[in-house]
1. When residues of segment 425-443 are filtered for being open to solvent by 10 Å² or more (accessible area, probe 1.4 Å) and aliphatic (A, V, I, L, M), how many remain?
2. When segment 673-711 is examined, which residues are found to be buried (at least 21 other Cβ atoms within 10 Å of the Cβ) and of a type in the set (S, T, N, Q)?
3. Based on what the data block shows, is TYR542 at pLDDT 95 or above, crowded, with 17+ Cβ neighbours inside 10 Å and closer than 21 Å to GLN185 by Cβ?
4. So how many residues does segment 119-141 have that are of a type outside the set (A, V, I, L, M, F, W, C), open to solvent by less than 20 Å² (accessible area, probe 1.4 Å) and touching a helix residue (DSSP H, G or I) at 6+ places or on another chain (Cβ under 6 Å)?
5. Restricted to segment 674-695, and to residues that are assigned to a loop (DSSP other than H, G, I, E, B), of a type in the set (A, V, I, L, M, F, W, C) and in contact (Cβ under 8 Å) with a residue 60 or more places away in the chain, which residue is nearest to TRP169 (Cα to Cα)?
6. What single numbered condition from (1) buried (at least 22 other Cβ atoms within 10 Å of the Cβ); (2) at positive phi fails to hold for LEU261?
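The values are calculated or read from the model by the stated rules, or taken from the named source; none is laboratory data. None of these values were measured; they are calculated from a predicted model. Neighbour counts run over all protein chains shown; Cβ positions are idealised from the backbone, glycine included. Remember, those area values only see protein heavy atoms, side chains included, never the ligands or the DNA or RNA. Shrake-Rupley method; radii C 1.70, N 1.55, O 1.52, S 1.80 Å.
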Amino acid sequence: MLKFKFQFLVLILTIIVPTALSKFEAIEPLLKRLDSKRALPSVQEAAAKGVLKRLIPTHLSSFEFNIVSKEACGGVNCFLINNHNKSGKYGPEIIIRGTTAVEIASGLHWYLKYWCGAHVSWDKTGGIQTTSIPKPGSLPLLKDEVLVKRPVPWNYYQNVVTSSYSYVWWDWERWEKEVDWMVLQGVNLPLAFTGQEAIWQKVLKDFNISSEDLNNFFGGPAFLAWARMGNLHGWGGPLSQNWLDKQLVLQKQIISRMLELGMTPVLPSFAGNVPAALATIFPKAKITRLGDWNTVDGDPRWCCTYLLDPSDPLFVDIGEAFIKKQIKEYGDVTDIYNCDTFNENTPPTNDTTYISTLGAAVYKAMSKGDRDAVWLMQGWLFYSDSSFWKPPQMKALLHSVPFGKMIVLDLFADVKPIWKTSFQFYGTPYVWCMLHNFGGNIEMYGILDAISSGPVDARVSANSTMVGVGMCMEGIEHNPVVYELMPEMAFRDNKVQVLEWLKSYSRRRYGKADHQVEAAWEILYHTIYNCTDGIADHNHDYIVMFPDWDPSTNFKSGIPNHQNKIEFLPPGSRRYLFQETPSEMPKAHLWYSPDDVIKALQLFLAGGKNFAGSLTYRYDLVDLTRQVLSKLANQVYINAVTSFQKKDIDALRSHSNNLLQLIKDIDVLLASDDNFLVGTWLESAKKLAVTASEIKQYEWNARTQVTMWYDTNKTTQSKLHDYANKFWSGIVENYYLPRAATYFNHLSESLKQNKKFNLIEWRKQWILHSNKWQEGNELYPVKAKGDALAISQALYEKYFAK
């Protein structure tokens with residue numbers, strides 16, 4: 001039987017200092033109400049068994065699950081793991097008890113990780129590794145009972161835009177896997193935003209809004225998040241009745257499973273975004289048309305949405321109706337509702353009385369629909385619009401609702417924690433969150449030290465009001481190491497020794513130990529996963545976010561010294577704004593020594609022979625090789641542009657050809673793993689369609705989101721182009737490659753003809769090509785081809801062996 005030396009890491013957690021209940025006094029009534037809403041113990045135990053059956057069906061009889069009261073855990077949520085006192089040869093070997101099915105599943109995951117050396121990640125990041133689990137009847141026994149308590153009540157999950165960047169094309173089969181992943185990671189407070197347009201259709205019908213009015217209100221499937229936030233309307237739409245009905249059915253399946261597992265779903269509430277027709281139907285209502293949000297020409301077909309002022313009585317009427325309609329459809333399933341009325345919508349005045357009145361009105365709409373409602377608010381606005389939200393304004397909003405009726409997500413605490421500068425949100429309970437990802441970009445990146453210590457520092461700080469940890473990434477299915485460590489912090493009372501943890505992680509992820517791979521991970525910990533420059537990591541590698549600029553202008557290298565601190569996203573900026581015609585090239589983010597990471601790749605390759613057939617190893621190898629080549633491509637791009645600056649046409653041709661070949665090689669690399677294929681994204685979109693017109697619409701939505709994102713004209717790219725860029729085979733060769741090729745052709749021609757580079761002409765050509773690709777329907781592979789290890793090895797030797 002395989003035993004792991006890292007079991008001692010877990011035993012530390014059996015000694016936990018009890019958390020005083022008074023620390024959570026503000027939310028104690030809420031916690032008691034939510035406990036009363038949970039499914040019966042028998043239902044939760046059966047749901048946890050279902051998770052086990054789907055994860056390792058061979059071991060279904062090896063575990064016994066029991067729900068216990070909080071009193072068994074000292075008044076908090078916990079799980080307990082014991083050897084089972086079995087009398088016969090067959091039957092349960094391990095008994096796991098927990099206060100909810102979430103705790104039971106978390107205990108199961110903990111045991112499988114730290115006693116059996118197993119690993120669970122998303123399918124698209126390599127999936128599960130269970131080959132290390134001994135056969136039934138031979139599971140490792142525990143020396144002592146393991147008791148692990150939650151130091152804070154909640155483990156929150158999702159961002160309001162994850163529904164569009166990651167979940168948009170999911171069916172129940174995929175959602176079931178995600179809920180299983182959530183519960184194994186200990187998530188007990190997830191957003192549940194699917195299908196809300198069907199609820200809105202029913203609610204707004206009672207306010208005389210027709211289906212035709214809604215056609216111009218809802219965004220298309222891939223852009224619903226921003227239509228919900230009032231950034232745009234109609235873009236990518238309309239939504240068919242088929243979409244609305246199926247998404248509502250899906251939402252009910254999702255919520256039902258969450259409830260069976262003891263989770264508390266967070267439902268949406270009314271933030272003030274209304275159809276244009278409402279202003280006509282209620283001419284006296286305080287409805288304001290908002291300004292432009294990133295359109296090229298202010299096209300009224302999708303620009304400038306309408307906001308109903310929270311102080312208007314109609315706001316409360318609509319908000320109440322929406323909450324009540326959700327309760328009618330789903331049942332009394334939660335008391336927690338998300339609302340972000342002021343997120344990237346600055347109030348018209350900084351008068352604190354006005355702000356307090358607005359906040360009170362927003363909460364009134366919730367509480368009239370659910371008298372026990374609690375407002376969950378993203379705290380992004382306190383960072384992104386910090387020039388407005390000074391301490392008096394913050395305090396006015398946070399104190400505009402009764403004590404204990406608001407919870408704030410410290411959304412960007414992994415990089416820019418607000419709790420440190422706001423007197424713990426002026427007494428308001430908050431959740432320490434990791435944002436980590438923008439646009440669902442594929443980039444190896446993280447701050448493992450911040451994750452392993454930040455939540456602990458916040459929780460033990462003086463006068464702490466922290467009540468949970470959370471993951472608020474814009475997109476998922478990347479960086480599995482980050483998404484294994486972060487949810488563990490929901491159960492860890494002390495800081496994690498990351499280097500030791502990574503050694504055990506490496507063994508679990510690949511099923512065995514390899515000293516070269518472990519050495520590679522040590523390098524990655526000190527480089528890629530040690531970003532301390534304060535930059536919000538949005539992948540700006542030049543292949544996927546090609547600079548839209550004229551290099552004839554004043555030139556500065558876009559490659560920063562990895563030791564310099566560069567603020568890409570300073571307080572007061574908007575995460576969605578981009579410069580249209582920068583006078584100097586946008587900077588690609590580089591926060592580590594590329595040579596060190598090349599060494600890590602060399603070590604990773606050297607261990608490859610020991611991991612034949614390992615999907616987790618293959619994913620990490622392809623991703624690491626891609627990362628190294630992409631950063632190399634940034635430098636090659638700089639070399640090409642520098643040659644243009646020097647009017648050296650031969651050097652320009654040489655460097656640009658090198659870049660184009662790099663792009664082709666990266667596409668071949670990505671094609672060798674099923675999880676880096678654009679075809680999967682496109683086919684999942686079409687699979688949800690029923691009619692031919694839906695197939696065309698959904699595919700356009702899917703293609704547009706990951707390329708131009710928003711509108712263009714003949715000479716101006718979308719202001720959001722490449723925001724959701726993806727390193728996927730197919731899009732790399734058929735979209736990014738021709739873009740770079742046409743650009744460098746124009747540069748070469750300008751030198752040949754001794755003329756100024758014509759940026760507008762290149763834009764015309766490129767935008768036309770992009771729009772055609774967005775409207776295309778050519779098929780892309782959904783299965784990998786090629787030997788990933790052989791391809792990675794060959795590319796290493798081609799570019800780095802010398």
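1. 1
2. ASN675, GLN697, ASN701, THR704, GLN705, THR707
3. Here the answer is no, as TYR542 does not meet what is asked.
4. 5
5. It comes out as LEU688.
6. All conditions pass for LEU261, except number (2).
Quick grid of which residues meet (1) open to solvent by less than 50 Å² (accessible area, probe 1.4 Å); (2) among the basic types (Lys, Arg); (3) over 24 Å from THR428 (Cβ atoms):
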{"site": "THR280", "(1), (2), (3)": "no, no, yes"}
{"site": "LEU290", "(1), (2), (3)": "yes, no, yes"}
{"site": "ASP299", "(1), (2), (3)": "yes, no, yes"}
{"site": "TRP302", "(1), (2), (3)": "yes, no, yes"}
{"site": "LEU307", "(1), (2), (3)": "yes, no, yes"}
{"site": "LYS328", "(1), (2), (3)": "no, yes, yes"}
{"site": "PRO347", "(1), (2), (3)": "yes, no, no"}
{"site": "LEU358", "(1), (2), (3)": "yes, no, no"}
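Conditions (1) assigned to a helix (DSSP H, G or I); (2) out of contact with any Pro (no Cβ under 7 Å at 6 or more places or on another chain); (3) under 23 Å from GLY127 (Cα atoms), marked per residue:
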| site | (1), (2), (3) |
| --- | --- |
| VAL496 | no, yes, no |
| SER506 | yes, yes, yes |
| ARG509 | yes, yes, yes |
| ALA513 | no, yes, yes |
| TRP521 | yes, yes, yes |
| ILE528 | no, yes, yes |
| GLY534 | no, yes, no |
| ASP537 | no, yes, no |
